[in-house]
1. List the residues, sorted by chain then number, that are 5 or more residues from Gly349 or on another chain and whose placed amide H is less than 5 Å from its amide H.
2. To one decimal place, what orientation-averaged projected area in nm² is obtained for the convex hull of the Cα set of region 15-158?
3. Could you state the accessible area per residue of the chain in Å², with a 1.4 Å probe and every protein chain left in place?
4. I need the fraction of alpha carbon pairs in the chain separated by more than 28 Å, rounded to a whole percent.
5. Determine the alpha carbon to alpha carbon distance for each of Lys66/Lys150; Lys150/Lys242; Lys31/Lys150; Lys66/Lys104 and list only those over 20 Å.
6. Out of residues 5 or more away from Tyr153 or on other chains, whose amide H comes under 5 Å of its own, with H placed 1.01 Å from N in the peptide plane?
7. To the nearest 10 degrees, how steep is helix 289-298 against the longest Cα principal axis of the chain, on a 0 to 90 scale?
8. Using alpha-carbon pairs under 8 Å, 6+ residues apart, how would you state the relative contact order of the chain in percent?
Amino acid sequence: STPITFDYIAQPMDVSFGAGSLGQLREHIEKLGLTRVIVLSTPEQADLAERVAGILGDIAGGIFTKARMHVPIEIVDEAAAVVTDMQADGCVAVGGGSTIGLGKALSLRYRIPTVAIPTTYAGSEMTPVWGLTENNVKTTGRDRAVLPVKVVYDPELTLTLPLGMSVTSGMNAIAHAVEALWAPDRSPMIELMAEEGVRAIAAGLPRLRETADDLVGRSELLYGAWLCGSCLGATTMSLHHKLCHILGGTFNLPHSETHTIVLPYVLEYNLASSPSAQAALGRALGADPVARLVELRAAWDVPSSLEQLGVKHEDLETVVAAALASPYANPRPVTEAGLRDLLERAWSGALG
Ligand code: NAD
């Protein structure tokens with residue numbers, strides 16, 4: 001073992017968690033001093049946006065329900081017109097990473113705060129990272145101004161999250177924690193949060209097998225998502241997030257499914273090179289973390305290979321080249337041969 005050494009800067013965090021906590025949203029917004037907010041959602045969650053606006057009453061100055069994956073600039077421009085028209089002094093984003101991403105883009109442009117009400121386990125609400133897509137190119141950056149000023153976690157809102165997406169979104173959360181555990185800028189606090197986050201997600205998922213609307217399981221999952229999202233916001237991500245970013249961006253793959261497929265392979269590649277991550281995941285997931293993850297996802301009909309997502313075998317070389325093109329932190333050196341083998345296996349779904 002080595003002597004302890006770390007830097008740790010806490011992110012500002014104002015969180016309310018609990019079934020039914022959406023009911024106190026108006027009080028939270030009033031406490032922040034906001035008087036006229038725009039409520040954001042995807043088209044699929046427009047009913048929920050209406051419900052949120054109903055709770056806010058006259059504080060809700062408008063509703064915009066066209067949030068989309070990858071935060072296209074055209075959508076941001078359209079929402080921006082509503083923001084200026086109604087002179088919004090804040091955004092309330094209710095939904096997954098796509099909707100919260102739109103709130104962040106508006107926070108970035110107008111320096112107005114976002115309040116997030118997450119309904120998936122993606123964790124964007126806990127990070128100062130924004131993304132924007134223009135002409136098919138996604139740009140991302142970090143800015144304190146986009147970190148939501150208040151987050152309301154109400155597990156009741158996740159009861160409608162389809163089972164498949166609950167599993168892949170949970171895996172997406174675990175991936176944040178796993179990479180935080182071997183991040184170059186990890187610290188003891190983050191390692192505790194990461195381990196507990198993984199434990200909570202792994203405890204919550206099997207409960208959905210009994211009943212999809214099990215509130216105890218749903219609470220565990222959202223609680224885990226909070227912890228894992230916090231880890232994502234506080235540390236530098238490595239090979240796993242890099243590969244998922246390249247795969248998602250190059251082939252327009254679904255976000256959480258891609259994470260779900262790739263994670264076991266990156267774990268296989270990296271785990272032995274990070275004894276502290278291995279120990280933490282051993283406690284959270286059992287002696288064989290890779291097998292446990294595969295078991296957790298196997299109970300549902302979620303894609304388990306890149307081939308199933310429509311990636312062509314001949315396209316793997318593009319990914320290898322892109323992943324080697326720019327250097328990034330990783331506990332084990334990323335070699336061309338190692339990467340090719342990892343991607344081959346993720347493509348075919350081979351394990352063990
Ligand atoms: P998503 O926000 O794209 O949601 C997918 C679909 O599920 C949408 O139609 C949405 O309306 C629906 N949905 C969400 N919650 C639901 C619920 N409870 N019940 C029924 N339907 C529901 O998916 P996501 O995985 O949450 O987010 C992915 C996006 O977020 C990606 O673009 C990713 O890059 C981004 N992201 C960003 C960060 C960050 O820190 N900036 C972190 C994580 C993810």
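1. Leu306
2. Orientation-averaged projected area of the Cα hull: 7.3 nm².
3. Value returned for the chain: 41 Å² of accessible area per residue.
4. Summing the P(r) tail past 28 Å for the chain gives 41 percent.
5. Violating the 20 Å Cα-Cα cut-off are Lys66/Lys150; Lys150/Lys242.
6. Correct list: Ser16, Phe17, Gly18.
7. Around 60 degrees separate the two axes.
8. Worked out over the chain, it gives 15 percent.
The values are calculated or read from the model by the stated rules, or taken from the named source; none is laboratory data. Model, not experiment: these values are computed from the prediction. Here the Cβ is made from the backbone with ideal geometry for all residues, glycine too, and neighbour counts use every protein chain on show. When the accessible area is computed, the model is the full protein with side chains, heavy atoms only, and any ligands, DNA or RNA have been set aside. Shrake-Rupley method; radii C 1.70, N 1.55, O 1.52, S 1.80 Å.
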